[in-house]
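Laboratory data are not the source of any read-out in this text; all were calculated from the coordinates shown. In this text the structure is predicted, and so the values were computed from the model without any measurement. When we count neighbours, we look across all protein chains shown, and the Cβ atoms used for this are built from the backbone with ideal geometry, even at glycine.
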Amino acid sequence: MTTLHRASLILSLVCSNLAILPVTCRAETQSELDHRMAWFREARFGLFIHWGVYSVPAGEWGTNKNYGEWFLEETKMPVSQYEKFASQFNPVKFDAREWVRLAKSAGMKYIVITSKHHDGFGMFPSDLTDWCIKSTPFKRDPLKELAQACQEQGLKLCFYHSIMDWHHPDWGTRRAWNDKADGTPDMDRYTAYMKGQLKELLTRYGPIGILWFDGEWEKPWTHERGLDLYNYVRSLQPNIIVNNRVGKARTGMNGMDQGAQKVGDYGTPEQEIPAIGFGPGVDWESCMTMNNHWGYNKNDQNWKSGKTLIRNLIDCSSKGGNYLLNVGPTSEGQIPEASIARLKEVGEWMKVNDEAIYATTASPFKRLPWGRCTKVVNGPEATLYLHVFDWPSDGKLLVPGLKNKIQKAFLLADPKRALTTEVAPEGVRVSVPAAAPDPISSTVVLKLEGPPQIEQIGIRQNPDGTLLLPAVDAQLHGEQIKYESGDHRDNIGFWLNPAEWADWEFQITRPGKFEVSAEVATTEAASIQVSLGNAKVLAALPVSGDYGQFKRVKLGILEVPSTGKMTIGVHGVPEGWHPVNLKSIRLDPSVH
Ligand code: FHN
């Protein structure tokens, strides 16, 4: 998807939120909802499969090697010509059992496959159109075979289904290159067609776990149609889960709903993991590619490492969300070797550590310097799973602010060997072996007495005397100024009014002089003032280019006279003020 398409997507998402009307979804009690969502909340990890006729050109056409599932839209190829790819789509090497086995061996609990993507091609034999698998030489039903294999191996099959349809003559925003369509688009007729196909999908393949809608951002799709479609799908399979892309409340790639018009059961961040979770009761799932494309692109070798994928899974779980990891199979029906290798690597890690992922809930800690945490709380019993990315060189792992008595501590990689713990003013210290069992992430298990009790330690100086004050930990003062997460943001933003400000509380153990710097993004020059007690520094900020481009700027020297709890404030200077995005303030011990 090009930047232009992403921009139009985000724009239409924002526009669609403007008209807010109070409508409700099908009534359901909280315990009914919890029951229906239970498997999803326990699963934590799924496989996303983007597969269709767009895999035939394999991402390449002419000199452009960067296509994927948006091939038709990006090439503006006449639909009549694009349809010819169907005759070349013959995945004779497709082995549903092998795909499901691979997902299962990676530790995945569900599979979401594209039953129809934006190009409108049905990956199943539909009675409602010839623009589907029926028109290929592949006289089999891949969804039927996947349903069988999932049923045999105990995974949930789920269907991705695009609301937007570049091929159907009745989809409201008809493309000029849709040379097969004539007459006036009729969205009611299109919606009836889509419901017809959804009926085929929800009556021929057994129980479906999730209906993963997408492509809801264009104007012809409305909140009312979304609500109606949600109820329709739930009327066909009452236990099904439907994502939030059936409605119009999603606001960009952060994937979460804003405003009153929420439809769907969970949020869908895309290609990112939220900086912080959304609290209990807010379900979400981050979907992500393994390289830069969802659909198969034979030239795209920009693969994420197994380490990144494993830590992403842990990160999502530690914030109370799921991880939906994508593969883009070839038109022969094979999952790329590089994807297989990475799924196997994740699977090796899960063999030892899956207890620290499945059916866990979000970390009780706001932030941990060495990694992440997941937990399981059963009444008086509580277990913390400490996911250690940065193993302590001194063999002492500090769990900041933990106040509970520890019944037992051990490594998931070596459960029989007890680890000793000691209570410290800063929290609990766990004595761990010199070497980390796993360089990617080692899991230390703490069996607590009672539910987790955490004294939020707040921010402390690092052993080298430096202090980092991240945006996520700031107290914000004002109507507009706010913390932004998602869309690759993790900063203070909307700082339109210089009278609004941010401050941080922190502990100083080694006072003295510090060089103060700020990580800022600006499009026009502006000045800020940093104050700590009576000490102040005021500095002009250079232009960084755009609000996503951050620069670290030295602001000046501040003296911290004593140890203890301190507050540092950052204010805008009214003269010549222009909004600034602030990612962090840092204090470095200064020799001057
Ligand atoms: O346009 C689609 C894209 O092709 C892909 O399917 C992703 C997966 O979440 N969703 C849309 C972009 O947001």
**Asked** When Lys and Arg each count +1 and Asp and Glu each count -1, what net charge do the other residues less than 12 Å away from residue 389, Cβ to Cβ, add up to?
**Response** 0
**Message:** I need the P(r) histogram for segment 108-259: all alpha carbon pairs, bin width 10 Å from 0 out to the longest distance, whole percents.
**Reply:** 11, 40, 36, 13, 1
**Message:** Which order do the peptides 474-480, 355-361 come out in when sorted by mean C-beta neighbours inside 10 angstrom, highest first?
**Reply:** 355-361, 474-480
**Request:** Show which aspartates and glutamates lie in cross-link reach of residue 513 when reach means a straight Cα distance below 15 angstrom and same-chain residues fewer than eight apart are skipped.
**Result:** 464, 559, 588
**Asked** Using the beta-carbon distance between residue 37 and residue 505 and R0 = 22 Å, what value does 1/(1 + (r/R0)^6) give for FRET efficiency, to the nearest 0.05?
**Response** 0.05
**Prompt:** How big is the gap, in Å, between the Cα center of segment 212-260 and the Cα center of segment 268-307?
**Reply:** 20 Å
**Prompt:** Of the cross-linked pairs 76/304; 76/219; 366/551; 109/403, which ones have a Cα-Cα span greater than 28 Å in the structure shown?
**Reply:** 76/304; 109/403
**Prompt:** Amide H to amide H, which residues 5 or more places from residue 284 or on other chains are under 5 Å from it, using H placed in the peptide plane?
**Reply:** 267, 322
**Request:** Could you state the angle between the C-alpha long axis of helix 96-105 and the longest principal axis of the C-alpha atoms of the chain, as a value from 0 to 90 degrees rounded to the nearest 10?
**Result:** 10 degrees
**Request:** Using only Cα atoms, tell me the angle between helix 142-153 and the longest principal axis of the chain; keep it within 0 to 90° and round to the nearest 10.
**Result:** 50 degrees
**Message:** Within 13 Å, Cβ to Cβ, of residue 338, how many net charges do the neighbouring residues add up to if Lys/Arg are +1 and Asp/Glu are -1?
**Reply:** +1
**Prompt:** What fraction of the DSSP beta bridges in the chain is antiparallel, stated in percent and rounded to the nearest 5?
**Reply:** 75 percent
**Request:** Please label the shape of segment 473-592 as rounded, prolate or oblate, based on the square roots a ≥ b ≥ c of the eigenvalues of the alpha-carbon gyration tensor (a/c under 1.5 means rounded; beyond that, a/b larger than b/c means prolate, else oblate).
**Result:** prolate
**Request:** Quick one: grab the alpha carbon gyration tensor of segment 264-319, order the square roots of its eigenvalues as a ≥ b ≥ c, and give me rounded if a/c is under 1.5, else prolate or oblate depending on whether a/b is larger than b/c.
**Result:** oblate
**Request:** Quick one: dipole size for segment 126-188, taken about the Cα centre, charges +1 on Lys/Arg Cβ and -1 on Asp/Glu Cβ, in debye to the nearest 20.
**Result:** 300 debye
**Item:** segment 56-111 - Debye-derived log10 I(q)/I(0), Cα point model, q = 0.16, 0.20, 0.24, 0.28 Å⁻¹
**Value:** -0.69, -0.82, -0.91, -1.06
**Fill in**
Farthest towards the positive end of the dipole of the chain, among 85, 331, 108 and with Cβ unit charges of +1 on Lys and Arg and -1 on Asp and Glu, lies the Cα of 108
**Complete:** HN-Hα couplings for segment 209-226 via Karplus (6.51, -1.76, 1.60; θ = phi - 60°), in whole Hz with x for Gly/Pro, come out as x, 9, 9, 9, 6, 7, x, 8, 7, 7, 4, x, 8, 10, 4, 4, 5, x
**Complete:** Percent antiparallel among DSSP beta bridges confined to segment 40-161, nearest 5, equals 15 percent
**Item:** Rough spin-label spacing in nm, given labels placed 7 Å along Cα→Cβ, for residue 359 and residue 186
**Value:** 5.2 nm
**Request:** May I ask for the percentage of alpha-carbon pairs in segment 292-372 that lie more than 20 Å from each other?
**Result:** 41 percent
**Protection proxy ranking of 60-73, 201-214, 238-251 - average other beta-carbon atoms within 10 Å, highest first** = 238-251, 201-214, 60-73
**Request:** Could you give the spread of the C-alpha atoms of segment 67-144 along their three principal axes, from largest to smallest, in whole angstroms?
**Result:** 41, 26, 23
**Asked** By its C-alpha gyration tensor, with a ≥ b ≥ c as the square roots of the eigenvalues, how is segment 374-437 shaped: rounded for a/c under 1.5, else prolate for a/b larger than b/c, else oblate?
**Response** oblate
**Fill in**
Farthest towards the positive end of the dipole of segment 246-302, among 273, 260, 286 and with Cβ unit charges of +1 on Lys and Arg and -1 on Asp and Glu, lies the Cα of 260
**Request:** On a 0 to 90° scale, report how tilted helix 30-43 is relative to the longest principal axis of the chain, with both axes built from alpha carbons and the result rounded to the nearest 10.
**Result:** 90 degrees
**Prompt:** Among 571, 117, which comes first, then next, by fewest other beta-carbon atoms within 10 Å?
**Reply:** 571, 117
**Complete:** Checking rank on 536-542, 99-105, with mean other Cβ inside 10 Å and highest first, the result is 99-105, 536-542
**Request:** Within segment 464-507, find all residues whose amide N lies under 20 Å from a label point positioned 7 Å from the Cα of residue 308 along Cα-to-beta-carbon.
**Result:** 486-490
**Message:** Given the DSSP H assignment, sum -39500 (n - 2.57) over each helix run of at least 4 residues in the chain and divide by its residue total; what's the result at 222 nm in deg cm²/dmol, nearest 500?
**Reply:** -6500 deg cm²/dmol
**Prompt:** How large is log10 I(q)/I(0) at q = 0.07, 0.10, 0.11 Å⁻¹ when the Debye formula is applied to the Cα atoms of the chain, each weighted equally and without solvent?
**Reply:** -0.49, -0.96, -1.12
**Request:** Please work out the C-alpha center-to-center distance from segment 353-413 to segment 98-155 and express it in whole Å.
**Result:** 38 Å
